[in-house]
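A.B. asks: Here it is, the structure, as structure tokens.
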Number of protein chains: 2
Amino acid sequence: MTRTFTYEELFSFTVSIFKEIGCPQKDAITASRVLLSADLRGVDSHGVARLSGYIRLWEKGRINAKPQIKVVHETPSTATIDGDAGLGLVVAPTAMELAMEKAYDVGSGWVSVKNSNHYGIAGYHSLMATTKDMIGISMTNASPLVAPTFSKERLLGTNPIAVAIPAGEEPPFVGDMATTTAANGKLEILQRKGSEAPYGWIQDSDGQPTTNSFGVKDGGALLPLGGDREHGSHKGYILGSVVDIFSAVLSGANYGPWVPPFVSFLEPSQNPVGEGLGHFFGAMRIDAFRPAQEFKDNMDQWIRRFRDSEPVDPDQNVIIPGDPERALELERKRNGIPLLMTVVEDLYSLSEKFGIGL
Amino acid sequence: MTRTFTYEELFSFTVSIFKEIGCPQKDAITASRVLLSADLRGVDSHGVARLSGYIRLWEKGRINAKPQIKVVHETPSTATIDGDAGLGLVVAPTAMELAMEKAYDVGSGWVSVKNSNHYGIAGYHSLMATTKDMIGISMTNASPLVAPTFSKERLLGTNPIAVAIPAGEEPPFVGDMATTTAANGKLEILQRKGSEAPYGWIQDSDGQPTTNSFGVKDGGALLPLGGDREHGSHKGYILGSVVDIFSAVLSGANYGPWVPPFVSFLEPSQNPVGEGLGHFFGAMRIDAFRPAQEFKDNMDQWIRRFRDSEPVDPDQNVIIPGDPERALELERKRNGIPLLMTVVEDLYSLSEKFGIGL
């Protein structure tokens, strides 16, 4: 069961809620744009479904609605930002803008962020760069749910990486991926259906493979991309670790098992190793490497060659990363965004609590 | 059956062979150091086993022993290098040095390379940065052997990514991974043994999963990390694509199915889309983000927390990426490098051909 809302309805509601908790108008708009881009692009777990979660964190004093976002360390091509416990939805675009300014000045810009919170979908931030003829990179660490290869313990988040690359006539290439076999949102879908999870997605609390889709809730863990050692899970573990280190060890945020949980009913570590959670952003001007038009022409050819390659199944062509999300975004902007009733009820409670109509 | 040689024996032999084909002394030493680091670190497929392959490419005129390596495009933090068809083993360290110089000057340096050849193991180049308190990144495209998700065609190489991160008292973190489920070298080991390959490593010429370890030779393909769609092969495909684009579309090298094959008996494309194959390197000064000692202290804590985490099997602790290769390097420097007899015979033919003793 779902109910469908227009983008505009949800956007204006979300802006009002963020303003109610004290966000300046400009920040409320930015945060809403980032949040809803997840709903538009089909990453429903990271969209308005999380709005009440952000509000609960604010109620607990773990999100600062009026952050003073500051550059605390800097070189011509790099910076570290202190997010002042602000919404990641606001801190992240600020950091990405800085990376792009540096790329404009010296060819590339790289910004590590501490003292932030959950930043929505990784892809949004990387895509900011493509309209300026830049490659955009975005990554973040997250609450520990993932066990490194050979470990029983949850030491890493699903730690996504997004890379957005502009083309010429073709739309940009947008890879946006958790560094696990499956994102947590996919597991939640199986849980709602009462279905089993495929082998290779999760392990139980003894570290043994399980197909119980509640395995993570029962003390198990998500598995790094690859699933098991024989299928390269040590590579997913490397990727998740690099995201953690770039996001948090470079910036001074919490890393590994110390990353604060997104859910308000779990308390952050009493002995933090840093401040908040961390992100990492990069921007590279394509004409810092070769004339932009040459790059775009080659990128168009790259995309067409892959899209037109011979498929295994004639009914399923090869997908260029970013294509399905872009198609869905157009469709949902036109026809509205379907929300599960549990999410709708959540929004109605917020509506009642703050006296904001939806 | 193997025969064991000391590092010094193989090094002096390799230097002499590279000098015989016309490499300047300095380049012959660099190339030998890179090549043999693979043997020391246990990536036997990328070490002296490939020496005769490089020589055959030189005989075909596809490797230039006296390249004029040139910077063809530049900003303060980026550059594109033309490798002039030189040995990748020489071009790559030159490019990495430039990335490090730029990082020294402006915080980070990023170098894309065209017109190069196979560059040995990715990890070697990334590790160059750690001795200077920098993070090192290295990637390269390679001969097409990998099918994107849903494709029958081989459009990508095993396109490795290496990231080396310095620590304080702990040795550096070194992730060095093909973006496929299994590297081609692992498949060759199974072929020699006549063993089957695990499900998820390869597909046959119809694009169907196969456990036939000769599947790739029979017109099939290696599979991207993840193995199949359900286990996230689209993520391995994203990673391999990003490596291809950063290495070749940014630089003007050949990309995708146009990448020239390493083996001399396969001719490069008659309609190349760029020059040679491509690499991409990055260097970031850790003190471009925060004081180096703070970073190192946190990195030591990160490494120790992961290494000491509770293992699934008490006899198999969690591995820090880079640890096994470092241990093997020490062992092989002390006790010598065991080579398969097929490799030894290959070296003896080179010895005879060039009149260089081994």
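Read-outs: derived from the displayed coordinates by stated rules, not from any lab. What you see is a predicted model; the values in this text were computed from it and never measured. Note that we place each Cβ from the backbone using ideal geometry, even for glycine, and neighbour counts take in every protein chain shown.
A.B. asks: Give the relative contact order (percent, whole number) for the stretch B:182-222; include only Cα pairs under 8 Å separated by 6+ residues.
C.D. replies: 35
A.B. asks: Put the label 7 Å from Cα along Cα→Cβ for A:Asp313; what are its distances to the other copies, in nanometres, shortest first?
C.D. replies: 3.5
A.B. asks: Cross-link candidates for A:Lys19: which lysines have Cα within less than 16 Å, leaving aside residues fewer than 8 places away along the same chain?
C.D. replies: Straight-distance partners of A:Lys19: A:Lys66, A:Lys353.
A.B. asks: For a Förster distance of 56 Å, can you work out the FRET efficiency between the beta-carbons of A:Tyr348 and B:Glu196, rounded to the nearest 0.05?
C.D. replies: 0.50
A.B. asks: Which one of A:Thr211, A:Ser143, A:Ser264 has its Cα pushed farthest toward the positive end of the charge dipole of chain A, where Lys and Arg give +1 and Asp and Glu give -1 at the Cβ?
C.D. replies: The listed residue farthest towards the positive side: A:Ser264.
A.B. asks: Order these by the 10 Å Cβ neighbour count, fewest first: B:Phe18, A:Phe265, A:Phe5.
C.D. replies: Details: B:Phe18 27, A:Phe265 7, A:Phe5 19.
Exposure proxy ranking, most exposed first: A:Phe265, A:Phe5, B:Phe18.
A.B. asks: Something else about it: Which entries in B:Lys26/B:Lys132; A:Lys152/A:Lys217; A:Lys102/B:Lys70; A:Lys152/A:Lys235; B:Lys26/B:Lys114; A:Lys26/A:Lys70 show an alpha-carbon gap greater than 24 Å?
C.D. replies: A:Lys102/B:Lys70
A.B. asks: If you don't mind, another one. For A:Ser205, list long-range residues whose amide hydrogen, built 1.01 Å from N in the peptide plane, is under 5 Å from its own amide hydrogen.
C.D. replies: So A:Ser205 has HN proximity to A:Gly220.
A.B. asks: With unit charges on the beta carbon (Lys/Arg positive, Asp/Glu negative), name the residue among A:Gly22, A:Asn115, A:Leu340 whose Cα is farthest towards the positive pole of the charge dipole of chain A.
C.D. replies: Positive-end residue among those listed: A:Gly22.
A.B. asks: ³J(HN,Hα) across the stretch B:5-12 via Karplus (A = 6.51, B = -1.76, C = 1.60, θ = phi - 60°), whole Hz, x for Gly/Pro?
C.D. replies: 10, 6, 4, 5, 4, 5, 5, 5
A.B. asks: Using a Förster radius of 56 Å, what is the FRET efficiency between A:Glu169 and B:Thr4 based on their Cβ-Cβ separation? Nearest 0.05, please.
C.D. replies: Step by step, r from the Cβ atoms, then E = 0.45.
A.B. asks: Continuing with this model, one more query. Residue by residue through the stretch B:250-262, which ³J(HN,Hα) values in whole Hz follow from phi under the Karplus form 6.51 cos²θ - 1.76 cosθ + 1.60 (θ = phi - 60°), with glycine and proline marked x?
C.D. replies: Residue by residue, the stretch B:250-262 yields 5, 9, x, 8, 6, 10, x, x, 8, 4, x, x, 6 Hz.
A.B. asks: Moving on. Kindly write out, for the stretch B:24-29 in residue order, the coupling ³J(HN,Hα) from the Karplus curve 6.51 cos²θ - 1.76 cosθ + 1.60 (θ = phi - 60°), rounded to whole Hz, with x marking Gly and Pro.
C.D. replies: x, 3, 4, 5, 4, 5
A.B. asks: Still on this structure, please answer the following. Quick one: which residues, 5 or more positions from B:Ser213 or on another chain, have an amide H under 5 Å from its amide H? H modelled 1.01 Å from N in the peptide plane, none for Pro or chain starts.
C.D. replies: So B:Ser213 has HN proximity to B:Ala197.
A.B. asks: Going by how many other Cβ atoms sit within 10 Å of their own, how do B:Asp204, A:Asp313 line up, fewest first?
C.D. replies: With the sparsest Cβ surroundings first, the list reads A:Asp313, B:Asp204.
A.B. asks: Any chance you could list the semi-axes, whole Å, largest first, of the equivalent ellipsoid that the Cα gyration tensor gives for the stretch B:275-327, using √(5λ)?
C.D. replies: Output for the stretch B:275-327: semi-axes of 29, 22, 8 Å.
A.B. asks: If the chain between A:Val71 and A:Phe265 were fully stretched, how many nm would it gain, using 0.36 nm times the residue separation less the Cα-Cα distance?
C.D. replies: 66.7 nm
A.B. asks: Which distances, shortest first and in nm, link B:Glu101 to the matching position in the other copies, using label points set 7 Å out along Cα to C-beta?
C.D. replies: 3.0
A.B. asks: Taking the Cβ of each residue in B:Val273, A:Val146 as the centre, tally the other Cβ atoms inside 10 Å and list the residues starting with the fewest.
C.D. replies: B:Val273, A:Val146
A.B. asks: Here's a follow-up. Would you pull out the residues with amide H under 5 Å of B:Ser151's amide H, same chain only if 5 or more places away, H placed 1.01 Å from N?
C.D. replies: A:Val312
A.B. asks: Taking every pair of Cα atoms in chain B, average 1/r, invert it to obtain the Kirkwood radius, and report Rg/Rh to two decimals.
C.D. replies: Radius of gyration relative to Kirkwood radius: 0.96.
A.B. asks: Using a label point 7 Å beyond Cα on the Cα-Cβ vector, give me the inter-copy distances for B:Gly336 in nanometres, one decimal, shortest first.
C.D. replies: So the distances to the same position in the other copies read 7.8 nm.
A.B. asks: I've got another one for you. Can you give the extra length, in nm with one decimal, that the chain gains between A:Ser12 and A:Arg229 once fully stretched, where that is 0.36 nm per residue apart less the Cα-Cα distance?
C.D. replies: 73.4 nm
A.B. asks: Let me ask something else about it. Normalized C-alpha radius of gyration of the protein assembly as shown, against 2.2 N^0.38 Å? Spell out each step's value before the answer.
C.D. replies: Values: Rg = 25.0 Å, N = 716, 2.2 N^0.38 = 26.7 Å.
Scaled against compact globular proteins, the figure is 0.94.
A.B. asks: Shifting gears a bit: In deg cm²/dmol and to the nearest 500, what is the mean residue ellipticity at 222 nm of chain B if only DSSP H runs of at least 4 residues count, each as -39500 (n - 2.57), divided by the residue total?
C.D. replies: So the helix-based figure for chain B works out to -11500 deg cm²/dmol.
A.B. asks: Still on this structure, I have one more. Starting from the Cα of A:Glu294, move 7 Å in the Cα-to-Cβ direction to define the label point; list residues of the stretch B:54-78 whose amide nitrogen is under 19 Å from there.
C.D. replies: Flagged as within label range: B:68-78.
A.B. asks: Sticking with this structure for a sec: Looking down the axis that turns A into B, which residue of A has the closest beta carbon, and how many Å out?
C.D. replies: Its Cβ sits closest to the axis: A:Ser77, 2.
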